[in-house]
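Here the structure is laid out as structure tokens; the discussion comes afterwards.
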């Protein structure tokens, strides 16, 4: 799946599916974006433990090769700006609502934020969910990530519950947001 588009005729982007051949690049952007977004709010030890575990090469390879998960790079000027990871069925991190697609990750490098690219990725997730005839999309967002919460709520997501997300040895609270599609 390759898609091209532009936002306001200024930011031209391309979306392409990630394969096992892209693991190193996926690992690099995963670590970079998580650290950029959450590094200042977590200890260096907890960040290192989380990054080494969550984005280990073998773990990412297993995730990419899971038939119920899909990854998509978003590139701008042939540079990876971010990516989307969606899960269905047993690949979901938990079963929140019936017949749903989980949006597990929308990661954008800081240099590419506030340009409409996050919206491109969430709309791609919605397109995938509709093509798969899902009734709902859901995601978890850190309770202290107010900017992301506002972004998702503006797109129609509603808070339904919460769960614990552990960074290193620090249990944190993620809000569970759901968007009904039907």
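The values are calculated or read from the model by the stated rules, or taken from the named source; none is laboratory data. Note that the coordinates shown come from a computational prediction; the quantities given were computed from them, not determined experimentally. Neighbour counts run over all protein chains shown; Cβ positions are idealised from the backbone, glycine included.
Where helices (runs of 4 or more DSSP H) sit wholly within the stretch 6-76, those with at least 2 residues that are within 17 Å of the chain's Cα centre (by Cα) and touching a residue at least 40 places away in the same chain (Cβ under 8 Å) occupy 23-38, 57-65.
Being assigned to a loop (DSSP other than H, G, I, E, B) and in contact (Cβ under 8 Å) with a residue 60 or more places away in the chain is a description that applies to residue 115.
Residues in the stretch 157-173 that are outside any strand (DSSP E or B) and more than 21 Å from residue 74 (Cβ to Cβ): 2 in all.
Inspect all residues belonging to the stretch 101-110 and state whether any of them is assigned to a loop (DSSP other than H, G, I, E, B), touching a residue at least 24 places away in the same chain (Cβ under 8 Å) and farther than 16 Å from residue 140 by Cα. Break it down stepwise before answering.
Filtering the stretch 101-110 down to residues assigned to a loop (DSSP other than H, G, I, E, B) leaves 109.
Next, from what is left, pick out any that are touching a residue at least 24 places away in the same chain (Cβ under 8 Å): 109.
The next check asks that each one be farther than 16 Å from residue 140 by Cα; those that pass are 109.
Yes, the stretch 101-110 has at least one match.
Residue-level check: of (1) touching a helix residue (DSSP H, G or I) at 6+ places or on another chain (Cβ under 6 Å); (2) closer than 24 Å to residue 145 by Cα; (3) buried (at least 17 other Cβ atoms within 10 Å of the Cβ), residue 104 misses just (1).
Just to be sure I understand, how many residues within the stretch 119-146 are more than 19 Å from residue 41 (Cβ to Cβ) and not in a strand (DSSP E or B)? Residues in the stretch 119-146 being more than 19 Å from residue 41 (Cβ to Cβ) and not in a strand (DSSP E or B): 17 in total. Taking the options 121, 139, name whichever one is buried (at least 21 other Cβ atoms within 10 Å of the Cβ) and closer than 21 Å to residue 94 by Cα. Checking each option against the conditions leaves just 139.
Every listed requirement among (1) at pLDDT 95 or above; (2) closer than 21 Å to residue 31 by Cα is met by residue 78 save one, (1).
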